[in-house]
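Input: a single structure, listed below in structure tokens.
The values are calculated or read from the model by the stated rules, or taken from the named source; none is laboratory data. Note that the coordinates shown come from a computational prediction; the quantities given were computed from them, not determined experimentally. Neighbour counts run over all protein chains shown; Cβ positions are idealised from the backbone, glycine included. What goes into the accessible areas is simple: the full protein's heavy atoms, side chains included, and nothing from ligands, DNA or RNA. Shrake-Rupley method; radii C 1.70, N 1.55, O 1.52, S 1.80 Å.
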Amino acid sequence: MTVIRSDDNLEAGIADRTEVRLAGEGGQGMILAGIILAEAATIYGGQNAVQSQSYGPEARGGASKSEVVISPGEIDHPEVLLPDVVVALSQEAFKKFGSSIKPGGLLIVDADKVDSASSPKAIRLPITKMAFETTGRIITANTVALGVLVGLTGVVTRTAIEKAIIARAPRGTEEMNHKALDAGFAAAEIVTKKLP
Amino acid sequence: MSVKLMQGNDAIGWGAIAAGCRFYAGYPITPSTEVAEILSRELPKVGGKFIQMEDEIASMAAIIGARIGGLKSMTATSGPGFSLMQENIGYAAMTEIPCVVVDVQRLGPSTGQPTAASQGDVMQARWGTHGDHPIIALSPTSVRQAFDLTVKAFDLSEKYRTPVILLADEIVGHMREPVDLPDFKTIKIFEQNVTESPATYKAFRNTEDGVPPLAPFGVGYRYHITALFHDEVGFPTQRLDEVDPWVERVNSKLEKHLDDISLFEEDIQDGARVAFLSYGASARTARHAMKVARKQGTKVDLLTLFTIWPFPEDVVEALGDRVDRIIVPEMNLGQLAYEVERMVGRKKVRRVGRANGEMVTPQMVLDAMEA
């Protein structure tokens with residue numbers, strides 16, 4: 001039906017893809033965090049993205065992951081091959097999805113949930129605790145995590161992630177989500193200053 | 001419209017609405033449930049009906065009944081439900097009643113893993129119901145294509161009076177991508193046009209193009225519907241002079257229109273000695289691998305099939321004449337590769353199959369060039 005003869009544009013979707021993996025317990029909102037990141041990249045960022053997810057048959061609990069591949073161009077293989085960035089909010093999720101990462105990649109874990117012995121190279125931040133201290137709700141941990149992730153990587157702009165979060169926030173929770181996101185960015189800034 | 005981040009299953013639901021589907025009957029099952037969710041919300045808004053049935057056998061029966069009552073109809077399911085639907089899919093094929101069956105494939109056999117990906121229903125889509133019969137199966141590779149091929153499924157189903165299987169997979173069903181859907185008003189699909197008067201109308205007439213027009217029940221046309229072998233007005237028959245023309249007509253009606261039904265994309269590099277051939281989510285893996293191979297200086301052809309059944313025999317045969325090796329990545333142990341082997345011989349084909357719920361990786365495809 002369609003025949004294409006091409007040799008061009010071989011880089012598109014191969015060399016320029018950024019692969020992000022967000023992992024946690026079912027219910028921590030990491031799949032939603034992936035959706036928001038993908039919306040920030042596409043609707044509010046003008047890039048291309050594919051978001052996918054993997055979870056067990058349980059409605060709650062169990063380790064779940066959300067993956068976002070971001071690229072300025074075409075994305076072929078839709079899943080993460082070797083992540084540039086992994087965020088893990090639970091020990092089980094870390095064990096299941098945090099073991100492989102690109103050389104020079106970034107691993108961010110919740111310091112209170114993932115033991116230090118198993119993740120010596122990780123950037124360790126008490127993400128869930130920060131969420132509780134900032135908003136009084138641990139359910140905002142996924143928003144804090146997005147702030148940390150975007151603050152450290154710049155994979156999307158701060159404006160794009162803000163817009164994407166606010167668009168998704170249930171009415172009345174906009175300010176709470178803003179605070180959680182700001183807390184994440186503030187933590188990322190401190191980490192960046194400490195990095196060599 | 002505007003760009004939205006949309007899930008494949010949502011796009012299937014919107015595709016059905018855009019195509020004019022106004023009846024859905026189904027039983028929810030992972031990973032297809034979002035199709036039912038969106039249609040339960042959206043169909044009533046456009047005057048359609050949504051019914052949650054007691055099981056998949058009844059769901060299939062309901063959509064066949066709805067279509068003969070005059071509404072375009074659809075159901076959605078996954079492997080275990082697809083197995084239950086097979087008997088009535090045969091009924092739709094035998095009685096030539098259009099309908100669309102979405103199968104968002106998950107890992108099987110049996111209950112398998114509800115949230116794990118698979119392309120294990122390829123052969124079931126073709127031969128799941130008993131007896132020789134025509135069937136169309138379309139397989140989308142992206143969210144946008146999930147929309148487009150759902151529309152196409154309704155079009156082909158109406159045009160050729162056959163059930164059409166939208167053979168999606170968990171990857172495409174659950175992934176989210178930015179899409180900008182077309183204005184639904186611009187979407188045209190084939191509509192039945194009965195020009196005969198009720199006095200002379202025969203619902204199963206042996207027409208030249210193999211597809212007699214279908215009049216709905218309840219508007220004055222009288223005919224009989226049975227899944228027994230039947231004559232031109234639908235009454236049971238064992239007369240060979242009636243059975244043989246029926247067998248001939250029904251089993252050749254798709255072959256006569258292959259140009260219209262066969263959807264595929266070929267990306268050709270002159271002088272390539274190796275080709276990747278795939279479909280569904282795995283086609284994206286193949287395309288990724290193609291880019292890597294070409295970047296490394298190896299010439300590669302890529303054939304992506306959107307219509308799996310009827311299998312595009314001529315296209316694959318021609319590819320086999322051009323290249324020495326065809327690599328077929330798929331999330332099963334070689335179901336479509338089996339058809340490719342039938343066309344070009346086993347020696348030319350390398351199966352890259354995976355049936356553990358995970359996608360084939362581009363590296364596995366590249367490795368098969370050496371093996």
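Whole number in Å², please: accessible area per residue of the stretch B:4-186, 1.4 Å probe, ligands, DNA and RNA not counted.
On the way: 5280 Å² over 183 residues.
I get 29 Å² per residue for this part.
Buried accessible area for the A:B pair, summed, 1.4 Å probe, in Å² rounded to 100? Working shown, then result.
Working: alone 10370 and 15550 Å², together 22920 Å².
The contact between B and A buries close to 3000 Å².
So what does the Cα-only Debye profile of the stretch A:30-142 read at q = 0.17 Å⁻¹, as log10 I(q)/I(0), no solvent term?
Values returned for q = 0.17 Å⁻¹ are -0.92.
Using alpha carbon coordinates only, what is the Rg to Rh ratio of the stretch B:264-370, with Rh defined as the Kirkwood radius?
Values: Rg = 12.2 Å, Rh = 13.3 Å.
For the stretch B:264-370, the value is 0.92.
Could you tell me how many degrees, from 0 to 90 and to the nearest 10, lie between the Cα long axis of helix A:158-168 and the main elongation axis, the longest principal axis, of the Cα atoms of chain A?
80
Could you work out the local net charge near B:T75, counting Lys and Arg as +1, Asp and Glu as -1, over the other residues with Cβ closer than 15 Å to its Cβ? Mind showing how you got there, number by number?
Details: positive: B:R22, B:K49, B:R67, B:K72; negative: B:E34, B:E37, B:E54, B:D55, B:E56, B:E87, B:D103, B:D121.
Charge balance near B:T75 sits at -4.
Using a basic spin-label model with each label point 7 Å from the Cα along Cα→Cβ, how many nm lie between B:R322 and B:F190?
2.8
For B:W127, what accessible area in Å² do you get when you roll a 1.4 Å probe over the heavy atoms of the protein chains, rounding to the nearest 10?
130
For the pair A:T192 and B:E208, how long in nm is the line joining their label points, each one 7 Å along Cα→Cβ?
Distance between label points: 7.3 nm.
In terms of modelled amide H atoms, which long-range or inter-chain residues lie less than 5 Å from the amide H of B:R106?
Distant-sequence amide H within range of B:R106: B:G79.
Under a cut-off of 29 Å between alpha-carbon atoms, report the lysines in cross-link reach of B:K299, not counting same-chain residues fewer than 8 places apart.
Filter leaves A:K102, B:K291, B:K347, B:K348.
Which value does Rg/Rh take for chain B over its C-alpha atoms, Rh per Kirkwood? Write down the numbers at each step before the final one.
Numbers: Rg = 20.7 Å, Rh = 21.1 Å.
With Rg and the Kirkwood Rh in hand, the quotient comes to 0.98.
With the cut-off at 18 Å, tell me which of the pairs B:K72/B:K159; B:K159/B:K256; B:K159/B:K188; B:K152/B:K188; A:K129/A:K179; B:K49/B:K202 have Cα atoms farther apart than that. Mind showing how you got there, number by number?
Details: B:K72/B:K159 12 Å; B:K159/B:K256 12 Å; B:K159/B:K188 12 Å; B:K152/B:K188 10 Å; A:K129/A:K179 14 Å; B:K49/B:K202 29 Å.
Table pairs above 18 Å Cα-Cα are B:K49/B:K202.
Hey, rough spin-label estimate for B:V233 and A:F132, points 7 angstrom out along Cα→Cβ, what's it come to in nanometres?
7.9
By how many degrees, 0 to 90 and rounded to 10, does the Cα axis of helix B:56-68 deviate from the longest principal axis of chain B?
60
Using the Cα atoms of the protein assembly as shown to build a convex hull, what is its mean projected area in square nanometres?
Working: hull surface 110.7 nm².
Here the figure is 27.7 nm², rounded to one decimal.
If you count the DSSP beta bridges with both ends in the protein assembly as shown, what percent of them are antiparallel, to the nearest 5? Provide the component values of the computation, followed by the final result.
Working: 29 of 78 bridges.
Around 35 percent of the beta bridges assigned by DSSP in the protein assembly as shown are antiparallel ones.
For the stretch A:75-196, what number results from the quotient of the Cα radius of gyration and 2.2 N^0.38 Å?
Working: Rg = 14.4 Å, N = 122, 2.2 N^0.38 = 13.7 Å.
That ratio works out to 1.06.
Take the Cβ-Cβ distance between B:S197 and B:V3 as r, set R0 to 51 Å, and report the resulting FRET efficiency rounded to the nearest 0.05.
Values: r = 50 Å, r/R0 = 0.97.
The formula returns an efficiency of 0.55 here.
Between the stretch B:34-55 and the stretch B:159-211, what is the separation of their alpha carbon centroids in Å?
19
Which of A:Q51, A:G29, A:G104 sits closest to the plus end of the dipole of chain A, meaning its Cα is farthest towards the positive end, when Lys and Arg get +1 and Asp and Glu get -1 on the C-beta?
Of the listed residues, the answer is A:G29.
Would you kindly derive the ³J(HN,Hα) couplings of the stretch B:316-328 from the backbone phi angles with the Karplus curve 6.51 cos²θ - 1.76 cosθ + 1.60 (θ = phi - 60°), listing them in order in whole Hz, with x for Gly and Pro?
Those phi angles translate into 6, 4, 5, 5, x, 6, 8, 10, 8, 9, 10, 9, 10 Hz.
In whole Hz, what ³J(HN,Hα) sequence does the stretch B:97-109 give by Karplus (6.51, -1.76, 1.60; θ = phi - 60°), x for Gly and Pro?
Once rounded to whole Hz, the list reads 9, x, 6, 10, 10, 8, 10, 8, 5, 10, 5, x, x.
Within chain B, what percent of beta bridges assigned by DSSP are antiparallel, to the nearest 5? Provide the component values of the computation, followed by the final result.
Values: 13 of 47 bridges.
Percentage antiparallel, nearest 5: 30.
Dipole of chain B, Cα-centred, from +1 at each Lys and Arg C-beta and -1 at each Asp and Glu C-beta, to the nearest 20 debye?
Values: 39 positive and 49 negative charges, 150 e Å.
The calculation lands at about 720 debye.
Considering only the stretch B:264-370, what is the antiparallel percent among its DSSP beta bridges, to the nearest 5?
Working: 4 of 18 bridges.
That works out to approximately 20 percent antiparallel.
Mind listing the phi-derived Karplus ³J(HN,Hα) values for the stretch B:118-131, rounded to whole Hz, using 6.51, -1.76 and 1.60 with θ = phi - 60°, and x for any glycine or proline?
6, 10, x, 9, 4, 6, 5, 4, 7, 10, x, 9, 7, x
If the elastic network links every pair of Cα atoms under 10 Å, which of A:G172, A:G73, A:G34 fluctuates the most in the Gaussian network model of chain A?
Comparing A:G172, A:G73, A:G34 in the GNM, the peak value goes to A:G172.
Comparing A:A131, A:A88, A:A169, which has the greatest mean-square fluctuation in the GNM of chain A with Cα pairs linked when under 10 Å apart?
Residue with maximal mean-square fluctuation among A:A131, A:A88, A:A169: A:A169.
Roll a 1.4 Å probe over the protein heavy atoms and report the accessible area of B:D121 in Å², nearest 10.
Number for this one is 20 Å².
Heavy atoms only, 1.4 Å probe, whole protein assembly: order B:K299, B:K291 by accessible area, highest first. Write out the running numbers ahead of the final one.
Values: B:K299 100, B:K291 5 Å².
Putting B:K299, B:K291 in descending order of accessible area: B:K299, B:K291.
Helix A:141-153 versus the longest principal axis of chain A: what angle, 0 to 90°, nearest 10, using Cα atoms?
The helix A:141-153 is inclined about 60 degrees to chain A.
For a quick check: with amide H placed at 1.01 Å from N, whose amide H comes under 5 Å from B:A137's, ignoring anything fewer than 5 positions away on the same chain?
Amide H neighbours of B:A137: B:I165, B:I308, B:W309.
If I compute solvent accessible area with a 1.4 Å probe over the protein chains, what percent of it on chain A is carbon and sulfur? Show your work: numbers first, answer last.
Numbers: 4730 of 8850 Å².
For chain A, the apolar C and S fraction of the accessible surface comes to 53 percent.
Determine which lysines satisfy two conditions relative to A:K96: a Cα distance under 20 Å, and not lying fewer than 8 residues away in the same chain.
Straight-line reach from A:K96, under 20 Å: A:K65, A:K113, A:K121.
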